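Each value in this text was obtained by applying a stated rule to the coordinates, not by laboratory testing. Treat the numbers as computed from the prediction; the structure is a model and nothing was measured. Cβ sites come from the backbone with ideal geometry, for glycine too, and all protein chains shown count toward neighbours.
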Amino acid sequence: MLAVLVSGARKPSVAAINGRACGAGLEVAMACNARVATSTAQLSLPELRYGIIPGGGGTQRLPRLVGLRKALELLLTSKPVDGDEAHKFGLVDAVVSGDELLENARQMALDICARNKPLVSSLYKTDKIEPLGEAREILKFARAQTRTQPPNLQHPQVCIDVIEEGIVSGPDAGLSKACTCSFQDLLKSDTCKSLVHVFFARRDAMKVPGVTDLGLKPREIRKVAIVGGGPMGSRIAMALILNGYEVVLKEPGSRDATFGNRPNIENITSKTVVDLLDVAKKIRKTLVVVGNCTGFAVNRMFFPYTQAALLQVEHGADVYKIDRAITKFGMPMGPFRLCDHVGFDIVVATGSQFVYSFPERTYKSMLIPLMQEDKRTGENTHKGFYVYDDKHKASPDPEN
């Protein structure tokens, strides 16, 4: 592999990093004896997003360059950092302008040859690694954090195992463990295949035929107005603010409704869609463009899912067993806990649109209307399929 060839070469090597150095690219850069980057360079090891771990030595070199605690943060979150931040914690040795990048990298290599700078092998650095006892505690805490994720996401634990092998038994043992079994096993897993599918699906969602293929450039948007500060509106506002947008948040009133109407779909131009796609990308959200139809995207998936669950209950299945099976599968909550969270009034109101639009393929359950008659409306009133304490912690209802 290239990283092994670079690190084992007789001549010193210095990586010049501009643009993106992700995954294997960063692993090769870490295998060099030094690294120079521009301030706008983006460095990351995103492999865990795809259900695998770095396979080119990143699990061993990163902790030795930046320390175990910071390395775990970067690996487990797949968080990218720019050149300035990378320089602060030692991932790169110098930050220069783009015009000076290659010359500085060449000069650094010459300085290493002349022994004006030390010849550093990142694989065998020890000054940034915490003492063994402290390292074990850091690894123990990281394991506890990853166990809160869905149980079928095993690759974070595997990543920690490989790092620990390198800390306890040495970097060569860590490399061997990563390459001989861990990486290959994860690459063949269903989790990896699914996460790779999600990656390409998200990328495809940003491609809208007849819109994004017209060569239109998005306008620069600095200020966004949001009408309605409910759960969805407030979360959108927060995402915008955290990414540098100025936000005006207004609660709607009856007087406001007289000043305008929702734009007709016929008047929404391709330029507007391109603008919205750009904003969504900048706030790290996946925007899905759909037609003007009942349910749009989310409810088209949500309602068949909940209707199937309600049908099973009416045939004798247990509410809580269904929810447990779904959460064990990997979903954050089951369909009945989700109905409670959304609120029965919204479930019934939105469901009626499906009954009206698709009467021949909609199952109309009477279970939720009957529960509403029994004063059960969901989490907001502390009683639905579950009962809720003052901190909104859900418990099975003994009356069900």
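The table below gives the values:
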item	result
Burial order of peptide ranges 366-375, 116-125 (average beta-carbon count within 10 Å, highest first)	116-125, 366-375
Förster-model FRET efficiency, 56 Å R0, Ser194 and Ser121, C-beta, rounded to 0.05	0.90
Long-range HN-HN contacts of Ala94 with modeled amide H, under 5 Å	Arg35, Ala37
Contact order relative to length of the stretch 2-194, as percent, for alpha carbon pairs under 8 angstrom and 6 or more apart	25 percent
Cut-off 18 Å, label 7 Å out along Cα→Cβ of Ser78, residues of the stretch 145-170 by amide N	146-160
Amide H partners (placed H, <5 Å) of Leu249, local residues excluded	Ile226
Cα long-axis angle, helix 344-357 against the chain (0 to 90 degrees, to the nearest 10)	80 degrees
Backbone HN-Hα couplings from phi across the stretch 193-207 [Karplus 6.51/-1.76/1.60, Hz, Gly and Pro as x]	4, 5, 5, 5, 4, 4, 4, 6, 5, 5, 5, 5, 4, 7, 9
Per-residue Cβ neighbour rank within 10 angstrom, fewest leading, Ile160, Ile346	Ile346, Ile160
Residue-by-residue Karplus 3J(HN,Hα) for the stretch 101-114, coefficients 6.51, -1.76, 1.60, Hz, glycine and proline x	4, 5, 5, 5, 5, 4, 5, 5, 5, 5, 5, 5, 4, 7
C-alpha long axis of helix 298-314 to longest principal axis of the chain, angle in °	60 degrees
Counting DSSP beta bridges with both ends in the stretch 2-194, the antiparallel % (nearest 5)	20 percent
Using alpha-carbon coordinates, inclination of helix 231-242 to the longest axis of the chain, degrees	20 degrees
Spatial extent of the chain: Rg and Dmax, with the Cα atoms as the point set, Å	26.6, 85
Placed amide H near Val387: partners under 5 Å, 5+ positions off or other chain	Ser395, Asp397
10 Å-binned pair-distance histogram of the stretch 293-341 (Cα, whole percent)	26, 54, 19, 2
Cα centroid separation - the stretch 344-400 against the stretch 80-125, whole Å	60 Å
Packing-based exposure ordering (other Cβ within 10 Å, fewest first) of Leu187, Leu74	Leu187, Leu74
At R0 = 41 Å, FRET efficiency that the Cβ-Cβ distance of Leu102 and Thr212 yields, to 0.05	0.75
Whole-Hz couplings from phi, Karplus 6.51/-1.76/1.60, listed for the stretch 381-393; x for Gly and Pro	10, 6, 8, x, 5, 10, 10, 10, 8, 5, 9, 6, 7
Bridge type composition, the chain - antiparallel percent by DSSP, nearest 5	35 percent
Rounded FRET efficiency, nearest 0.05, which uses the C-beta distance separating Leu367 from Arg136 and R0 of 60 Å	0.70
